[in-house]
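Novice: Below is the structure I would like to discuss, written out as structure tokens.
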Amino acid sequence: MSGAELRRFSPGKIPIRWRITLWYTILMTVLVAAVLALLLHLSSTQMLNEARLRLQDTVERSFYEIEYEDGVLSFDDDINHLGSGISLSVYDAQGKLLYGRIPANFNGAPLLIMDEIQQVDSGGSVWFVYDTCQAIPGYGNLWVRGVVSQSEADAGLHAVVRLALILMPFFVLLVALGGYSITQRTLLPLQHMTDTAQRISQGNDLTERIRMGPGVDEVHRLAHTFDHMMDKLQSAFESEKQFTSDVSHELRTPVSVILSQCEYALSPEAGENERRSALQVTAAQARKMSALIAQLLTLARADSGRQNLHLETLNLSDLFEIVCEEQADGAAARGIALHAEIAPDLLLRADETMMMRLLINLIQNAIAYGREGGNVWVTLREVNGRAEGCVRDDGIGIAPEHLPKIWNRFYQVDPSRTASRSGAGLGLPMVRWIVEAHGGTISVESEPGKGSAFTFSFPK
């Protein structure tokens, strides 16, 4: 057979429901046929045994229908009706037929054999023959022979076989229809998944779902997994679109400023001082873009698992004191007092640069959203074998509906409060990644008008 012919008849060309139905039908047909053959064999053996026992019982009961009175043997008419299909004949001690009938096609077994069921082939048929001898009071010994055809014994079995052969095609058809129906219902979710995937690929609509009902079988689990996967894809796709939009928005302003300042500096009307001022503005916007790109690069590497941590044993207490001293001037510029309560000599294996960035982002965030004349508290202590830190302020706070969103990139509760500090909404996402990358946890508590508290904890 050629390769093309093999491909034409490959199993992949046949729908799964037909393959399952065909296999199920063949298996059930073979199984039922084997069971039926075994039952017929057992039934045949049982029926033959019953025929032999019935023949023996009939012959033995026939002696109750024989009487000897006044020198005459008499045979009751009931002797001919003792056993249906059994022919009885009575012989004297010398083997002379005295009474009864012999089947027309039976010519065998001329000898009388005591209490033995013989199987004799005669006249194209198989016969069971049983002889027994009993003494009749006043007369002497009499023999009674019973003869029955095996075909008579098999008549009921033949009827069962004919019925089975008639019903077998209907059974096979019923099995095939039942198997196809079950397979069709079982594979229906797969068809729904295929249709859903096609609609998504053709219409780019990621909101399509299979939405099967509750169930715990493999097909339901697959459908639920597919829906969960689509939820993830939709969320990732929407996040990517939002991310692209936010990055474009954040970069558009500094790029526009840089272009406008360069055009102004290159114009003939610009003097030396104007050109210097334009260069300073351009440099400031370039530094803003550089910081934004650096943060984006770090987060991108973190997402892909390529942002490595340079772990070393740090004196976290000394590091926090240094950062607090550096940020105190920025807080004082807004009339905010920075308070530090740091436990001494708290050691932690961590990345020094990332730890500094973590604390700087939280403190600058507290200053940006604090109120003039307010306070920022930075604490560090050991709690249950963990290093626990907290940055708390008494500023404007965060409304409950904003709390779940503050960890999203480019999300700003009040952009006007951070515009002067070149905030882009990447500080808190960076903070959360740093904490989780070190195996820690972070949480936030906030109340509008009373301030916010960011608490983080690391295993020592």
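The values are calculated or read from the model by the stated rules, or taken from the named source; none is laboratory data. On a predicted model such as this, the values are computed, not experimentally measured, just so you know. A quick note on method: Cβ atoms are made from the backbone with ideal geometry, for glycine too, and the neighbour counts reach across all protein chains shown. What goes into the accessible areas is simple: the full protein's heavy atoms, side chains included, and nothing from ligands, DNA or RNA. Shrake-Rupley method; radii C 1.70, N 1.55, O 1.52, S 1.80 Å.
Novice: Within segment 120-132, how many residues turn out to be in a strand (DSSP E or B) and either of a type in the set (D, E, K, R) or surrounded by fewer than 16 Cβ atoms within 10 Å (Cβ to Cβ) (or both)? Can you show your working first?
Specialist: Of segment 120-132, the ones in a strand (DSSP E or B) are 120-122, 125-132.
Now narrow it down to the ones that are either of a type in the set (D, E, K, R) or surrounded by fewer than 16 Cβ atoms within 10 Å (Cβ to Cβ) (or both): 121, 125-126, 131.
Adding up the residues that qualify gives 4.
Novice: Would you check if residue 97 is in contact (Cβ under 8 Å) with a residue 24 or more places away in the chain, among the aliphatic types (A, V, I, L, M), surrounded by 12 or more Cβ atoms within 10 Å (Cβ to Cβ) and at negative phi?
Specialist: Values: in contact (Cβ under 8 Å) with a residue 24 or more places away in the chain: no; among the aliphatic types (A, V, I, L, M): yes; surrounded by 12 or more Cβ atoms within 10 Å (Cβ to Cβ): yes; at negative phi: yes.
Answer is no for this residue.
Novice: Is segment 209-223 home to any residue that is assigned to a helix (DSSP H, G or I), of a type in the set (Gly, Ala, Ser) and closer than 30 Å to residue 36 by Cβ?
Specialist: Residues of segment 209-223 that are assigned to a helix (DSSP H, G or I), as a first pass: 218-223.
Add one more test, that the residue is of a type in the set (Gly, Ala, Ser), and what stays is 223.
Filter once more, keeping what is closer than 30 Å to residue 36 by Cβ: none.
No - not one qualifying residue is present in segment 209-223.
Novice: Something else now. Could you give me the residue pairs with C-beta distances under 9 Å whose first residue belongs to segment 183-196 and is within 12 Å of residue 219 (Cβ to Cβ), whose second residue is aromatic (Phe, Trp, Tyr) and surrounded by 12 or more Cβ atoms within 10 Å (Cβ to Cβ) wherever it lies, and which are 6+ apart or on separate chains?
Specialist: Note: pairs meeting the criteria are 183/24; 189/226; 193/226.
Novice: Same structure, new question: If you go through segment 306-346 one residue at a time, how many are closer than 18 Å to residue 377 by Cβ and in a strand (DSSP E or B)?
Specialist: Residues in segment 306-346 being closer than 18 Å to residue 377 by Cβ and in a strand (DSSP E or B): 6 in total.
Novice: If you scan segment 158-184, which residues turn out to be more than 16 Å from residue 28 (Cα to Cα) and surrounded by 13 or more Cβ atoms within 10 Å (Cβ to Cβ)? Spell out the reasoning first.
Specialist: Initial filter on segment 158-184 (more than 16 Å from residue 28 (Cα to Cα)): 158-163, 166, 184.
Within segment 158-184, 160, 161, 184 meet the criteria.
Novice: Quickly run through segment 80-101 and pick out the residues that are at pLDDT below 80 and either over 11 Å from residue 146 (Cβ atoms) or of a type in the set (Ser, Thr, Tyr) (or both).
Specialist: Going residue by residue through segment 80-101, those that are at pLDDT below 80 are 80-85, 101.
Matches in segment 80-101: 80, 81, 84, 101.
Novice: Quick check, is residue 151 part of a helix (DSSP H, G or I), more than 30 Å from residue 58 (Cα to Cα), modelled with pLDDT under 80 and open to solvent by less than 70 Å² (accessible area, probe 1.4 Å)?
Specialist: Working: part of a helix (DSSP H, G or I): yes; more than 30 Å from residue 58 (Cα to Cα): no; modelled with pLDDT under 80: yes; open to solvent by less than 70 Å² (accessible area, probe 1.4 Å): yes.
The answer is no for residue 151.
Novice: Would you pick out the residues in segment 64-94 that are open to solvent by 90 Å² or more (accessible area, probe 1.4 Å) and among the acidic types (Asp, Glu)?
Specialist: 67, 69, 70, 77, listed by residue number.
Novice: What are the residue pairs meeting all of these: first residue in segment 108-137, first residue at pLDDT 85 or above, second residue surrounded by fewer than 14 Cβ atoms within 10 Å (Cβ to Cβ) and acidic (Asp, Glu), Cβ atoms under 6 Å, and 6 or more apart or on different chains?
Specialist: Once the first residue is at pLDDT 85 or above and sits in segment 108-137, its partners that are surrounded by fewer than 14 Cβ atoms within 10 Å (Cβ to Cβ) and acidic (Asp, Glu) give 132/115.
Novice: Being among the β-branched types (Val, Ile, Thr), at pLDDT below 90 and either crowded, with 18+ Cβ neighbours inside 10 Å or in a helix (DSSP H, G or I) (or both) is true for just one of 442, 398. Which residue is that? Even if it seems obvious, please write down each step before you answer.
Specialist: Working: 442 fails: at pLDDT below 90.
Only one candidate passes the filter, namely 398.
Novice: Right, something else. For residues in segment 239-261 being touching a Leu at 6+ places or on another chain (Cβ under 9 Å) and at pLDDT 75 or above, which is most open to solvent (accessible area, probe 1.4 Å)?
Specialist: Per the criteria, the residue is 261.
Novice: Test of understanding: among 55, 31, which residue is at pLDDT 80 or above, hydrophobic (A, V, I, L, M, F, W, C) and closer than 16 Å to residue 119 by Cα?
Specialist: Values: 31 fails: closer than 16 Å to residue 119 by Cα.
Result of the check over 55, 31: 55.
Novice: How many residues are open to solvent by 40 Å² or more (accessible area, probe 1.4 Å) and within 21 Å of residue 291 (Cα to Cα) if we restrict to segment 330-359?
Specialist: 4
Novice: Residue 67: touching a strand residue (DSSP E or B) at 6+ places or on another chain (Cβ under 9 Å) and assigned to a strand (DSSP E or B), yes or no?
Specialist: Values: touching a strand residue (DSSP E or B) at 6+ places or on another chain (Cβ under 9 Å): yes; assigned to a strand (DSSP E or B): yes.
Yes.
Novice: In segment 190-216, what residues are open to solvent by less than 70 Å² (accessible area, probe 1.4 Å), at pLDDT 75 or above and farther than 28 Å from residue 408 by Cβ?
Specialist: Across segment 190-216, the qualifying residues are 190, 193, 194, 195, 196, 197.
Novice: Further question: Could you count how many residues in segment 100-119 are among the aliphatic types (A, V, I, L, M) and loosely packed, with under 13 Cβ neighbours inside 10 Å?
Specialist: 3
Novice: Yes or no: residue 292 modelled with pLDDT of 85 or more, open to solvent by less than 40 Å² (accessible area, probe 1.4 Å) and part of a helix (DSSP H, G or I)?
Specialist: Working: modelled with pLDDT of 85 or more: no; open to solvent by less than 40 Å² (accessible area, probe 1.4 Å): yes; part of a helix (DSSP H, G or I): yes.
No; evaluated as a whole, the condition is false for this residue.
Novice: Also, I was wondering about something else. Under 6 Å by Cβ, and 6 or more places apart or on different chains, what pairs join a residue from segment 57-68 that is among the polar types (S, T, N, Q) with one that is modelled with pLDDT of 85 or more?
Specialist: 58/146; 62/88; 62/144
Novice: Let me ask you something else. Residues of segment 369-390 being open to solvent by less than 20 Å² (accessible area, probe 1.4 Å), farther than 13 Å from residue 454 by Cα and assigned to a strand (DSSP E or B), which ones? Give the steps one after another, and end with the answer.
Specialist: To start, the set of residues in segment 369-390 that are open to solvent by less than 20 Å² (accessible area, probe 1.4 Å) comprises 370, 374, 376, 378, 380, 387, 389.
Applying the additional criterion that residues be farther than 13 Å from residue 454 by Cα yields 370, 374, 387.
Residue satisfying the conditions is 387 alone.
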